[in-house]
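A short write-up of the structure that comes next.
The values are calculated or read from the model by the stated rules, or taken from the named source; none is laboratory data. These numbers come from a predicted model, not from an experiment. For neighbour counting, all protein chains shown are included, and Cβ atoms are generated from backbone atoms with ideal geometry for every residue, glycine included.
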Amino acid sequence: MQQKDPFVFSYAEIKAEGGRRAVISPQPAAFADAFETPDALKKLDVELDFSVGGDSILLEGKVKAELSLQCSRCGDPVTRSFEDSFDEVYPDTVEYIDTREVIRETAALLAPIKVLCAENCKGRCLVCGINRNRQTCSCKPDHASPFEALKGLKVRQNDDKKKL
C-alpha cells in the first residue's frame with residue numbers, strides 16, 4: 001500500500017485527527033475509463049470530508065467534472081460542467097480508506113443520457129444529414145406516421161356482455 005497515494009487515507013490517522021478534509025484535482029486520464037469515450041473527461045475536482053463518529057468514519061464527498069460530450073440531436077461537441085455528491089460510511093475494521101472507486105462511480109454517473117448543444121437544437125436532416133442549425137436543405141423527409149398501418153384496421157365489437 002503506497003502511503004503517498006492521494007486517494008488512500010489511513011483510518012487510524014483520520015480517527016486520531018478527529019477528521020480530515022482533502023481537495024484533489026487528479027489528472028483526467030486517471031478516470032478516463034469511467035466514460036464511454038476516453039477523452040470525455042476534461043477536468044475533475046474532488047472534495048472529501050471525513051468525520052469521526054463512534055466506531056465509524058463518515059466520508060462526504062463532492063465531485064465536479066467538466067465533460068466533453070456530443071449533442072444528442074446534431075452531434076456537435078458540447079462541453080459542460082456537472083457535479084454530484086456522495087457519502088460512505090467505513091467501519092473501524094478497515095485499515096485504509098481507498099476513495100478511488102467511489103470517485104470513479106460518482107464521476108461516471110455525472111454524464112447525462114441526453115445532452116443538447118442548445119434547447120432549440122434542430123438536429124440533422126434525416127435525408128441528407130446536414131446540421132440544420134447551420135444550413136437549410138430542401139429535403140422532404142417521409143413523415144409517415146408509425147400508426148399509418150392501422151388506418152385500414154377494422155375492430156370487431158363484442159356484443160356478448162357478461163352479466164354480473
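One residue is enough: does region 76-93 have a residue meeting the conditions without any contact (Cβ under 8 Å) to a residue 24 or more places away in the chain and surrounded by 14 or more Cβ atoms within 10 Å (Cβ to Cβ)?
no
What number of residues in region 40-55 are under 30 Å from ILE130 (Cα atoms) and in a loop (DSSP other than H, G, I, E, B)?
1
Condition check ((1) of a type in the set (Gly, Ala, Ser); (2) more than 30 Å from ASN120 (Cα to Cα); (3) in contact with a Lys or Arg (Cβ under 9 Å, 6 or more places away or on another chain)) across all residues:
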{"residue": "ASP5", "(1), (2), (3)": "no, yes, yes"}
{"residue": "VAL8", "(1), (2), (3)": "no, yes, yes"}
{"residue": "GLY19", "(1), (2), (3)": "yes, yes, no"}
{"residue": "ASP49", "(1), (2), (3)": "no, yes, yes"}
{"residue": "LEU67", "(1), (2), (3)": "no, no, yes"}
{"residue": "CYS74", "(1), (2), (3)": "no, no, yes"}
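For LEU126, which of the numbered conditions (1) more than 25 Å from PRO6 (Cα to Cα); (2) in contact with a Leu (Cβ under 7 Å, 6 or more places away or on another chain); (3) of a type outside the set (Gly, Ala, Ser) fails to hold?
Of the numbered conditions (1) more than 25 Å from PRO6 (Cα to Cα); (2) in contact with a Leu (Cβ under 7 Å, 6 or more places away or on another chain); (3) of a type outside the set (Gly, Ala, Ser), the odd one out for LEU126 is (2).
Please go through (1) of a type outside the set (Lys, Arg); (2) assigned to a strand (DSSP E or B); (3) out of contact with any Lys or Arg (no Cβ under 9 Å at 6 or more places or on another chain) for THR37 and return the number of the only condition it doesn't satisfy.
THR37 satisfies every listed condition except (2).
Take the residues in region 117-164 that are among the small types (Gly, Ala, Ser) and modelled with pLDDT of 75 or more, then tell me which one is surrounded by the most Cβ atoms within 10 Å (Cβ to Cβ). It would help to see each step written out before you state the result.
Looking only at region 117-164, we keep the residues that are among the small types (Gly, Ala, Ser), and these are 118, 123, 129, 138, 144-145, 149, 152.
Those still in the list that are modelled with pLDDT of 75 or more too: 118, 123, 129, 138, 152.
Details: ALA118: 12, GLY123: 15, GLY129: 11, SER138: 7, GLY152: 6.
My answer is GLY123.
In a loop (DSSP other than H, G, I, E, B), out of contact with any Phe, Trp or Tyr (no Cβ under 6 Å at 6 or more places or on another chain) and of a type outside the set (Phe, Trp, Tyr) - does that describe any residue in region 99-109? Talk me through it step by step, then tell me what you get.
Restricting attention to region 99-109, the residues satisfying the condition of being in a loop (DSSP other than H, G, I, E, B) are 99, 109.
Cutting the leftovers down to out of contact with any Phe, Trp or Tyr (no Cβ under 6 Å at 6 or more places or on another chain) gives us 109.
If we keep only those that are of a type outside the set (Phe, Trp, Tyr) too, we end up with 109.
Checked region 99-109: at least one residue is in a loop (DSSP other than H, G, I, E, B), out of contact with any Phe, Trp or Tyr (no Cβ under 6 Å at 6 or more places or on another chain) and of a type outside the set (Phe, Trp, Tyr).
Would you tally the residues in region 56-78 being of a type in the set (A, V, I, L, M, F, W, C) and outside any strand (DSSP E or B)?
First, the residues of region 56-78 that are of a type in the set (A, V, I, L, M, F, W, C): 57-59, 63, 65, 67, 69, 71, 74, 78.
Among the residues that remain, those that are also outside any strand (DSSP E or B) are: 71, 74.
Matching residues across region 56-78 total 2.
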